[in-house]
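See below for the structure under consideration.
The values are calculated or read from the model by the stated rules, or taken from the named source; none is laboratory data. Small disclaimer: the values here were computed from a predicted structure and weren't measured. Quick reminder, even Gly has a Cβ in these numbers, built from the backbone with ideal geometry, and neighbours come from all protein chains shown.
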Amino acid sequence: MTKKYDRSPLYSTAIVQIPLLVRDAGRVHKAKTPECVAEMFSEIKDYAVEVFCVAMLDAKNGLITKEMVTKGLVDASLVHPREIFRAAIQRNASALILVHNHPSGDPTPSAEDLRITKQLVIAGKIIDINVLDHVIIGRDLESNKTRHQSLRESGLISFS
């Protein structure tokens, strides 16, 4: 009785996914001012519900990506540090700028806006991802132009 030998190749190919180690050197978006951030997120001024977004930044405050983290109701959006920082860690962000809209058009921060911002600043310190600002976007109802308020500039929150 003769044995049949398997004639399969001696080598096999493995497909390995390598994480992105080099980013596009042409990226020029910088989050230098609240006005720049408001411009980056200007499309959310017209949303009928609150959305909470994050600008994820590299060590030189260059924009890695912007992402909508939660979508809520007309006057509220549930936000938890777990969702905010999961996305930031996955993208190797060094810093964040929080952004959300007020469908009413008035960018004045609510007590809940201040509470969640303080909570996220504290959480960021623990995992060494700086929360640089929280920009609230609204719109002028007559001209439909973007309005914004920076919690850093207002002095209502300590980000240091």
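In table form, for the structure just shown:
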| item | result |
| --- | --- |
| Residues of region 119-151 satisfying the condition of being among the β-branched types (Val, Ile, Thr) and either farther than 21 Å from ILE44 by Cα or modelled with pLDDT of 95 or more (or both) | VAL121, ILE122, ILE126, ILE127, ILE129, VAL131, VAL135, ILE136, ILE137 |
| Subset of region 37-59 (residues that are in a loop (DSSP other than H, G, I, E, B), under 12 Å from VAL99 (Cα atoms) and aromatic (Phe, Trp, Tyr)) | PHE41 |
| Helices (runs of 4 or more DSSP H) enclosed by region 71-160 - at least 2 residues per element that are exposed (fewer than 13 other Cβ atoms within 10 Å of the Cβ) | 81-90, 111-127 |
